[in-house]
Every structure is written in C-alpha cells, then in structure tokens.
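Q: Just passing along the structure, written as structure tokens.
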Amino acid sequence: MSDVTKPQPWIEDDRCHVWHPYTQMLTAPPAVPIERALGVYLHTTSGRKILDGISSWWVNIHGHSHPRLNQALTKQASRMSQVIFAGFTHEPGARLAAELSRRSPGRLPRVFFSDDGSTAVEVALKLVYQYWRNRGEPGRRLFVALDHSYHGDTFGAMAAGGVEVFHQNFRDLFFEVRRARLPFRSGSGEDLGAILERDGRKVAGMIIEPMLQGAGGMIVWPAPFLRQVRELCTQHGSPLIADEVLTGFGRTGRLFACEHGPIEPDLLCVSKALTAGYLPLAATLVTEEIYSSFLSEDRAKTFFHGHSYTGNALACAVALESLAIFDEERRMSRVQAIEALFAERLKVLGTLPFVMETRNIGGVAAIELAVDSHQGYLSGLGPRLNALFLDRGILLRPLGNVLYFMPPYVITDREVHWVFDEIESVLKTVFA
Ligand SMILES: Cc1ncc(COP(=O)(O)O)c(C=O)c1O
C-alpha cells in the first residue's frame, strides 16, 4: 500500500518506537497510518479510505465519530473525566450500572467495573473463586472452559482460553482448567456432562462465549447447546460465566447472546462495544447471591480488586449514550437485516470449491477456507488475504483460514454487497 509514502514525522516515530499488538514486528508490513475515521471508513494520511470490516477489533457498532457519542463525550469532559471509584461515585457510573443490570439477560443486579474484556473475565474468575471461599467451600477451585475458546490475554483469561497457539508459551503458569469439547464440532476435550459428573463438586465455575466463539474461529453454536450448558451447570451447582465481551450489544442479533437460549448466566462479562468503540471500559455483572457472599463484618471477605480507571466517567457517559442510540435508532432491527443479507450472500460463497463451511449469526459472517497446510492460525493465508483486501480498500483480518466480516451496524446494504463482491473476487484469484 502507498499510505506510508507521505512524509509525516509521527509515522517514523511509530516505526522506531511502537510495538504493535498481535504483530510479528520483523515481518509485518508497516502499520497503516490513519488520520481520521468516520462512519464505516478509516481515512489514511495519503487520502485513501478503508472500509472497517472488523469494527476495529469488534468494538465499533454505531460507526466512527458518531455525532451523539462525540457530544456525550465532550459534555462529560467539560464536567469531570475521572475520579477515584473507591469510596466515591458519579452519575454516569451509577446510571450505567443500573442500565446494564436492567438490560442484562437474567437477574444480575450488581455491577463491577473494570477496563477491558480481559479484566472483565479476570474479575469474573476471581469473584467465583472467592465466592466459594467466602462460603466456606475452598475445595471448589477448578474451572471448566470450552475447546476453541478465547477469553483474553491476561493470566486468568489465558488459562481459561482454549486456543493453543495464542498462549502456549505461558501454559506452565496456568491454573487447572478442565476443557470440554464442543459436541457439534471437531476438536479436543471431554464431554461436559462427564466432567461435571466426575469433578462437579470441585468446580468453582464454568466460562463460555455464548453462541459465538470469536477468536477461536467464529464458531456459531446451535441454541440447544447453550441451554444444555446452563442445565448442566445448574444441576452440578457450578456458577456459569457468560463472556459476552464480543457478543454483547447486539452482535449476534440479540442485545445479549444469552437471549438466544434464552438462559440466565450467574455472571456476565461485557466490554468492547459497551462504549461503541470509543473508550476502554468493561463490566462484570453478578447475581445477588454471589454479591451477598462478600458482605461481612470480616474484612477479609472483601473483594480486594480494582483498577486506577475503574468506572471512568467519560467511558460511562459514552456507554449510556450508546444504549440510548439502541433504543432510539432501532439498531437491533438493522442487525437482523444485516444477518439476512449475510445469509443470502454466504449461500452463494458456500458453493465455491475452496470454501469448507460458511457460518453466520447477527452481524457476523464467517467463511472457513480449505487449506492444505496444518498450520492453522499460523499459516500465511491470513496475512496474505489481509494485504489483498487492504489493497482493495477493505479491512478484513482473517483468523488463520477463517475469513470473517463484522462491520459496524451502520453499514449500508450497498456496502455489504460490495464487500461480498470483493471477497468473492479475491478468493477466486487466490485459489485460482
Ligand atoms: C470473548 C472475548 N473475551 C475477552 C476478550 C478480551 O478482550 P480485550 O481484548 O478487550 O482484553 C475478547 C477479545 O477479543 C473476546 O473476544
């Protein structure tokens, strides 16, 4: 791409000083310099525009630089940006906690704020672990998670994750996790029922990505499996953690993916689209039962966890405005329309000889490509496709041989068709 040719001193600063995430800095092409982002487009310093086909790592939903979100942010900034959240509170934080609790799937009245998806998961894991200790059952120290799952890159989240390639270097440091297999997909792990039958009394909690396992390859669940997981956890007294960091806020066609069951989790993790892609913020919602196990005259039962920016007022104000946009601009019906359009286009793509499987749910379309190598995520196909799509003005970042499209909900039908036309054309060239 030609974007890096225009001289800009900060581009050189990036090259000399920035270590980018999930990037092999030796072989990756220079980072694409973006100076503006508006609606579904990212604008480069050399005047090119790139359609944001992955919602900037799954966070953006109402489009970049949305006037209402901009206004909510500046209005809040003029009053207060950040204040300590231990012993102090503020209107955006309190109102957001109430709104999240009101809209959440089930009865989750208590909200603990943190910073990002990984910390929302860490908080959930630590909460259930301490919940059992506070109740006098310290023997419950085992976690159950699913094959192909991804919950973030901090230690607890990595231990729960089941995508070998991301976290294998740290495996020696992980706590004990029983890995259950997905009954509708090939892979590894044990039958969930068998794990809980044998070890149920030792389990502190089970964590899932309901309906859509994202980083593990955009794996879409049949809804009965979600209900089955809930039933098994209830049967064996295991708290169920729904990691809706990716699926929350409409991505699967419902406000929360648990609604597909419908099921009620005991803990719910949200982040990413919580602030519509504006600011880092996360929340872990819990039942009254879990919360009340921490209430004690004994200070040792306190949840000693917090982050400097817990409940950041700017982020909370933007999140509240984002929820208001859901109510006032009929976002969910737009996601459902996108889902129908994706299904129609995938039907045709699915007939191509190099396409192994297509999957879709809500505003997510995935195409699993047939590849010879067994390198999976590490195969060269992903970066190659990424570069070819960037040349055509589309940001798509395949997960190994799984190409997926997950745009902001404000994308038009015409733009969706254009992206699918380009996908078809690029794939036909690559697999010719
Ligand atoms: C399901 C899920 N949980 C947790 C995370 C971690 O979120 P973050 O990258 O904000 O730490 C992700 C990120 O992709 C995710 O998809």
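Q: Can you name the residue in the stretch 255-269 that is charged (D, E, K, R) and over 14 Å from TRP221 (Cα atoms) and is also nearest to the ligand (Cβ to nearest atom) among such residues?
A: Checked the stretch 255-269; the qualifying residue nearest to the ligand (Cβ to nearest atom) is ASP266.
Q: Now for a different question. Take the residues of the stretch 13-63 that are surrounded by fewer than 17 Cβ atoms within 10 Å (Cβ to Cβ) and among the acidic types (Asp, Glu): which is farthest from ALA215 (Cα to Cα)?
A: Taking the candidates together, the pick is ASP13.
Q: Still on this structure, please answer the following. Out of (1) surrounded by fewer than 23 Cβ atoms within 10 Å (Cβ to Cβ); (2) over 23 Å from GLY253 (Cβ atoms); (3) touching a helix residue (DSSP H, G or I) at 6+ places or on another chain (Cβ under 7 Å), the odd one out for ALA223 is which?
A: It fails just one condition, (2).
Q: Moving to a separate point now. Looking at THR302, THR284, which one is modelled with pLDDT of 95 or more and surrounded by 18 or more Cβ atoms within 10 Å (Cβ to Cβ)?
A: Going through THR302, THR284 in turn, just one is modelled with pLDDT of 95 or more and surrounded by 18 or more Cβ atoms within 10 Å (Cβ to Cβ): THR284.
Q: Here is a further query. When the stretch 26-61 is examined, which residues are found to be assigned to a strand (DSSP E or B), in contact with a Phe, Trp or Tyr (Cβ under 8 Å, 6 or more places away or on another chain) and either among the β-branched types (Val, Ile, Thr) or assigned by TED's automatic domain parsing to the domain that holds VAL270 (or both)?
A: The answer is ILE50, and nothing else.
Q: Now, a different point. Considering (1) more than 27 Å from ASN134 (Cβ to Cβ); (2) assigned to a strand (DSSP E or B), say which one GLY205 fails and leave the rest.
A: All conditions pass for GLY205, except number (1).
Q: Output the residues belonging to the stretch 83-106 that are of a type outside the set (A, V, I, L, M), surrounded by fewer than 15 Cβ atoms within 10 Å (Cβ to Cβ) and more than 22 Å from the chain's Cα centre (by Cα).
A: GLY87, PHE88, THR89, GLU91
Q: Would you call LEU240 in contact with a strand residue (DSSP E or B) (Cβ under 9 Å, 6 or more places away or on another chain) and either among the polar types (S, T, N, Q) or within 12 Å of the ligand (Cβ to nearest atom) (or both)?
A: Considered against the rule, which asks whether it is in contact with a strand residue (DSSP E or B) (Cβ under 9 Å, 6 or more places away or on another chain) and either among the polar types (S, T, N, Q) or within 12 Å of the ligand (Cβ to nearest atom) (or both), LEU240 comes out as no.
Q: Would you be able to say whether some residue in the stretch 101-122 is assigned by TED's automatic domain parsing to the domain that holds SER293, more than 20 Å from LEU196 (Cα to Cα), assigned to a helix (DSSP H, G or I) and of a type in the set (Val, Ile, Thr)?
A: Yes, the stretch 101-122 has at least one match.
Q: Please give the number of the condition LYS272 fails out of (1) more than 13 Å from the ligand (Cβ to nearest atom); (2) buried (at least 24 other Cβ atoms within 10 Å of the Cβ); (3) charged (D, E, K, R).
A: Here LYS272 meets the rest and fails (1).
Q: A further question on this structure: Which one of GLY161, GLY216, GLY205 is farther than 30 Å from LEU403 by Cβ, within 16 Å of the ligand (Cβ to nearest atom) and either at pLDDT 95 or above or small (Gly, Ala, Ser) (or both)?
A: Of the residues listed, the single one that is farther than 30 Å from LEU403 by Cβ, within 16 Å of the ligand (Cβ to nearest atom) and either at pLDDT 95 or above or small (Gly, Ala, Ser) (or both) is GLY205.
Q: Condition test on SER188, is it assigned by TED's automatic domain parsing to the domain that holds ALA282, within 12 Å of the ligand (Cβ to nearest atom) and either part of a strand (DSSP E or B) or closer than 27 Å to GLU357 by Cβ (or both)?
A: Criteria not met by SER188.
Q: Also, quick follow-up: Which one of these is touching a Ser or Thr at 6+ places or on another chain (Cβ under 7 Å), within 16 Å of the ligand (Cβ to nearest atom) and hydrophobic (A, V, I, L, M, F, W, C): PHE113, PHE166?
A: PHE113
Q: Still on this structure, please answer the following. Look at the stretch 301-324 and say how many of its residues are within 20 Å of the chain's Cα centre (by Cα) and of a type in the set (A, V, I, L, M, F, W, C).
A: Of the residues in that region, 6 qualify.
Q: Are there any pairs, at least 6 apart or on different chains, whose C-beta atoms fall under 6 Å, with the first in the stretch 141-157 and within 11 Å of the ligand (Cβ to nearest atom) and the second among the β-branched types (Val, Ile, Thr) and assigned to a helix (DSSP H, G or I), and if so, which?
A: Taking only residues 6 or more apart or on different chains, the pairs are HIS151/VAL121; GLY152/VAL121; ALA157/VAL121.
Q: Still on this model: Are any residues in the stretch 287-302 in a helix (DSSP H, G or I) and within 25 Å of LEU100 (Cβ to Cβ), and if so, which ones?
A: GLU288, GLU289, ILE290, TYR291, SER292, LYS301, listed by residue number.
Q: Within the stretch 171-185, work out how many residues are within 15 Å of SER238 (Cβ to Cβ), among the hydrophobic types (A, V, I, L, M, F, W, C) and in a loop (DSSP other than H, G, I, E, B).
A: The total comes to 0.
The values are calculated or read from the model by the stated rules, or taken from the named source; none is laboratory data. These numbers were taken from a predicted model, which means no experiment stands behind them. Virtual Cβ from ideal backbone geometry, glycine too; neighbours counted across all protein chains shown.
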